[in-house]
């Protein structure tokens, strides 16, 4: 770049000064030429020369370099090169490709400041070598895990030491309030017990914790050392007395049942009846009284033509026409169409033996004269001579199984 002095030199040389001398009272303005036009050489307000470095070899700065505001650049500055450019104000300079601008450096500095504050906060949450964590909101629903509290959940937020648990008392809490009513949706933890077919000590020493034990059926072992019975409860002694009494009653009931035939009690007269006007109701004498001075007291006959005959056995007056009816060959119908006997004499009682076991009746002309006892027995009847006796099935269907025999007694 060529330099020249303008305007044409007309001033006195008093305006000049030698190197190191004091400033003259008057000075000249020095201009420059950019190859096409003359240009003013500028300084800042303090008189510092404004310099644009368009290109330069490596410059080593050994002193203090003060850069002015703007995008000035020194190219490549190497330390300890021996070159001293003094105090230089760079007002503008093109940056090499990829160099950081002031704006970018400010953004980076802001990010670094934020990171520094954040890392400070994170460091404050560390005690020793462990991160301190406060859970301030409920974990999302699902298979979340805190440490090792849930297997195969896929969520792990580290090892958490739970020093105490204070359960609630709601339906879904494990805890329940004392004297609270049971709810149909209450949640709880089932207790595990140990099956031990032979009850034995599982703890080892007095005062140790021990599990509950059940037998092979799942019943809990319980030892009742003492218990007051409620008022009126049966004691063991009373139960023994009751058992003895019941056994005696059972024996007596069996004996009494042995004296019953069909629906009638069988009675043997083993001693003389007392004298007097005793009444023992209707007496059927099935066999002759033993010889001797036996007395049955005063026998009062009812009005009419009743007769006690010889006070001996009541003789049969007739039998079934066929003797024994086999219902498998001669069905007993529910219509009573079959006549089983035409009586030769009047009859006051019938004696039945049968293995049919069905409900039957004896009728004359469709009129019921007697219902036959199941399994056999005796029945009082009133049948006249020449009555045509019929058997009816009372089940509504014909009887075709079993046999029956009837004695008609006078």
Scan of region 96-105 for residues that are surrounded by fewer than 10 Cβ atoms within 10 Å (Cβ to Cβ) and either at pLDDT 75 or above or part of a helix (DSSP H, G or I) (or both), ordered by number: 97, 103
Count - residues of region 205-257 that are surrounded by 10 or more Cβ atoms within 10 Å (Cβ to Cβ), modelled with pLDDT of 85 or more and in a loop (DSSP other than H, G, I, E, B): 5
Verdict on residue 175 being modelled with pLDDT under 90 and within 30 Å of residue 133 (Cα to Cα): yes
Of the criteria (1) modelled with pLDDT of 80 or more; (2) over 22 Å from the mean Cα position of the chain (by Cα), which one residue 147 fails: (1)
Spans of strands (runs of 3 or more DSSP E) in region 318-383 with at least 2 residues more than 60 Å from the chain's Cα centre (by Cα) and in contact (Cβ under 8 Å) with a residue 60 or more places away in the chain: 339-342, 347-354, 377-383
Subset tally (residues that are assigned to a loop (DSSP other than H, G, I, E, B) and farther than 26 Å from residue 169 by Cβ) for region 185-204: 9
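The values are calculated or read from the model by the stated rules, or taken from the named source; none is laboratory data. Bear in mind that the values here come from a model prediction, so they are computed numbers and not experimental data. Heads up, the Cβs are rebuilt from the backbone with ideal geometry, glycines too, and the neighbour counts pull from every protein chain shown.
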